[in-house]
Amino acid sequence: MYFLFIVCSIMLTINQLLNNFRKRKIKRNKLIALANAPQRRGVVYKLAIMSPRKPNSAKRKIAKVRVIFNKHRIFASIPGMGHNLHEYSVVMMRGGSANDLPGVNYTLIRGVLDFSYKETFSREARRSKYGVKLKDTIRYKVKISRINKS
């Protein structure tokens, strides 16, 4: 009975709907620096280290980037292990937040402009976006060869 009372109290009368019709929620764009583009170019003006939210603990590398198109200043996460970025490096960024870093809503793209992959890997011979250890790929190749034989 109590449940029915709650449902009835939320429902509006016809007069209420006629006078104050329901307004749609406005979806807010979280990536205003991209200005409806998939990627944008920017210049790194500061490199920093940030610690993640509560259950995680690490030192995440981030960059403060000034977007060339509209002069926005944003935080972007640096993916993978190690980087070759300095001040005034020109980078390409995309949307995509680092889940455990509040306020970091952009990610830098490796292998484009001044932001290279790890020096040990060429672009053609890389094992992943983020530089996987050689031991892991050898294990994977052995596993695939066993599957193909049987």
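Here are a few things to note about the model shown:
- Index of the failed condition, Lys30 passing every other in (1) assigned to a loop (DSSP other than H, G, I, E, B); (2) surrounded by 12 or more Cβ atoms within 10 Å (Cβ to Cβ); (3) under 13 Å from the mean Cα position of the chain (by Cα): (2)
- Filter result for Ile68 (β-branched (Val, Ile, Thr), surrounded by fewer than 16 Cβ atoms within 10 Å (Cβ to Cβ) and farther than 17 Å from Ile109 by Cβ): no
- Selected residue (criterion: farthest from the chain's Cα centre (by Cα)) from residues of the stretch 47-101 that are farther than 16 Å from Ala33 by Cα and of a type in the set (D, E, K, R): Glu87
- Leading residue by the ranking (modelled with the highest pLDDT) among those in the stretch 106-122 that are part of a loop (DSSP other than H, G, I, E, B) and crowded, with 20+ Cβ neighbours inside 10 Å: Arg110
Matching residues to (1) modelled with pLDDT of 90 or more; (2) hydrophobic (A, V, I, L, M, F, W, C); (3) farther than 30 Å from Met11 by Cβ:
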| site | (1), (2), (3) |
| --- | --- |
| Arg24 | no, no, no |
| Lys27 | no, no, no |
| Tyr45 | yes, no, yes |
| Ala58 | no, yes, yes |
| Ile62 | yes, yes, yes |
| Asn70 | no, no, yes |
| Ser77 | yes, no, yes |
| Val90 | yes, yes, yes |
| Ala98 | no, yes, yes |
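- Hits in the stretch 72-110 (condition: among the polar types (S, T, N, Q) and under 21 Å from Ser51 (Cα atoms)): Ser77, Asn84, Ser97, Asn99, Asn105, Thr107
The values are calculated or read from the model by the stated rules, or taken from the named source; none is laboratory data. All values derive from a computational prediction rather than experimental measurement. FYI the Cβ positions are ideal-geometry reconstructions off the backbone, even for glycines, and counts take in every protein chain you see.
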